[in-house]
Structure formats: structure tokens, C-alpha cells
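The values are calculated or read from the model by the stated rules, or taken from the named source; none is laboratory data. All values reported here derive from a predicted model rather than from experimental measurement. Every residue, glycine as well, gets a Cβ built from its backbone with ideal geometry; the counts of neighbours run over all protein chains shown.
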Amino acid sequence: MSKTVWVLVELEDGKAARSSLEVLGKAAQLGRAEAIVLGSAAREVALTLGEYGAEKVYVHANANYDNYLTLPAVDTLSALVKEHQPALLLLATTYNLRDIAARLSARNNMGLITDATDLSYEDDTLNVTVPWGGDNVVTATHSQQGTGIVLTRPKAFSIAQYAGRNAEIETLNASINPESLKMKVLERVEVQSEGPSLEDASVIVSGGRGLGKAENFHLVEELAAALGGAAGATRAIVDAGWNRETYPLYRLWYQRRYPAPGRHERFQVYRGDQQRRARTHLFCGGPGHSRGHADHSAAIDERSEETQGAVSNRL
């Protein structure tokens, strides 16, 4: 019998967040994927989720979920979990969803595993792959005793397409506890960025302190442009004052929806020129993706199937 896996779909500008759609596709691979959508645009978004793997969608179209942080969602999810008892609640790692996961775990004594990059079931046991310090990987397990919660790393999964699938829609009518309307959102500020988005780039070229001085960073930008990719910089050189506005890899480091440390990307080629801490970049990419690094003895090169490819060492 397939496991029922729930995904709380986060909304951004009235649309399903990409990170939630990635997780929804993984849920469909694990078993019967069901989604929960909360917010003023929930009904419209719910109609599209079948195409991303959902077989059923719970909908509560209430603006309080948009205007107040986490507590209304925690109340609603707690009640739903107690009523339906799914095998797993699978969430993308964002600031709001991490908060929701922690409160659900504490309130309902639910097991919680974070930072997952892969999941699989072996009979009734859920095996969760979690990177642990550079190239080390551990496997955490959750036995089938109540609903478990897993937070996944951004970009761990690709978006899956289920063309023609129409999800069953169930409308929720539960009232929201006034005591949960305590943390009100007063303002939303969008951080502007320049150049290609790292989130969508298939090629990323990044530079670090080994460049020597800020004036040399144009080499990274030129190589990125030649490859049709995005340029990024390490935290160290921006902390050193090498222009905060130009180098998106650092600027996105602390972007609101992803946890520290770092931005998680999926790409085909990653070139990290003159960066000293190559081990911290091992989470990037995936099987068959190539990475290049100035230190050819670094672990990031040892793990690559093709370290240089078509990328010449300009530096």
C-alpha cells in the first residue's frame, strides 16, 4: 500500500513557490502525494497542482494566512494531521516552513529531520539522506510510528510534470483562532538583483579571494558571459568590500527563503575560480554535472566526473 505524503505548498505572489513544486514531485515518487494550500490565492493554485504530482489538494482560501506569520498555518495543519494521519509531511526549507515544521514537531511530538537531499521507503521505514560536513553523508531513518516531518534542501529535486492529472479538491472551512493572529506582516520588501538569476542558471562561474583584488573580478564576469551563465562571488570577498551589489552569489546567501549557509543551486557546469574552501561547494549540482576549481587536488574536483570540460582555466 502506498504511503500518503503531504506537502504544504507555499505561495509567492499568488503562485506556488518553485521550491514547493520540487518537493511535491518527490512526494509523488514516494507514494500518494497530497498538497495543502493556505492563503487568498489557494483556490486558483490548487487547480494547477495535479500537473506537479498532487492527487488531492486541501484548500483554505483565507487571507489571514498571508497577513499573519506561521501560527494560523500551524493550527490548521495540526488539526489536519490528527484527523488524517499521513505517513509524512514533506516541506521545502524556507524561513516560514522551517518555523511551521518546528512548531508542529513541538506541539504534536512529531519526529523532524532537516536538510534532506533524498528520501526513500524501505518497507515501512523512511530513509533520509543528509549531507554532513563536506563529502560525508549520513542516512537518518524514521520508523512508521505517527506522521514524520522532513525538511528538504532547496534544489535537491527537479520539478516533475504529470500532464493531464487533475487533483481532487477538498475545501477546508475551519475557523482561525484569534489567538493565532499575533504576528502580523507589516511590509514585504523585494530584494532587487542584477544579471542572470543563479536560481535558474545552468552555468555558474564564481570567484573568491584568490583573485587577489576586486579589479580582477571582471575575469569571472567575462567568463560567465561567454558561457551564457551567471557570475557569483564568495562571502569572503564581499565582506572585504568588493562591491555588495554586483556579486549575486553572496547577496543571495542571506535571501529570505533559504537558510544559511549558502545558496543551493542545480546546474550543469559550476566553475569556482580561486576559491579556497572548495569542500563547502560539494552540495552543488548532481550526478553528471561538471565542476572546475583552481585547486585541482580539492575535494570538489575529486567528486566530479568531468572537472574542466569546455571551461578553460583563464585565471
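Answer yes if at least one residue in the range 28-44 is of a type in the set (S, T, N, Q), assigned by TED's automatic domain parsing to the domain that holds ALA160, in a helix (DSSP H, G or I) and farther than 18 Å from ILE159 by Cβ, and no otherwise.
No, every residue in the range 28-44 fails to be of a type in the set (S, T, N, Q), assigned by TED's automatic domain parsing to the domain that holds ALA160, in a helix (DSSP H, G or I) and farther than 18 Å from ILE159 by Cβ.
Evaluate the range 24-40: report whether one residue or more is among the charged types (D, E, K, R) and touching a Pro at 6+ places or on another chain (Cβ under 8 Å).
The answer is yes; a qualifying residue exists.
Test ARG103 against the stated conditions and say whether it is under 24 Å from ASN173 (Cα atoms), surrounded by fewer than 17 Cβ atoms within 10 Å (Cβ to Cβ) and not hydrophobic (A, V, I, L, M, F, W, C).
It is false that ARG103 is under 24 Å from ASN173 (Cα atoms), surrounded by fewer than 17 Cβ atoms within 10 Å (Cβ to Cβ) and not hydrophobic (A, V, I, L, M, F, W, C).
Scanning for something among the hydroxyl-bearing types (Ser, Thr, Tyr) and assigned to a loop (DSSP other than H, G, I, E, B), does the range 101-109 turn up at least one residue?
Checking the range 101-109: not a single residue is among the hydroxyl-bearing types (Ser, Thr, Tyr) and assigned to a loop (DSSP other than H, G, I, E, B).
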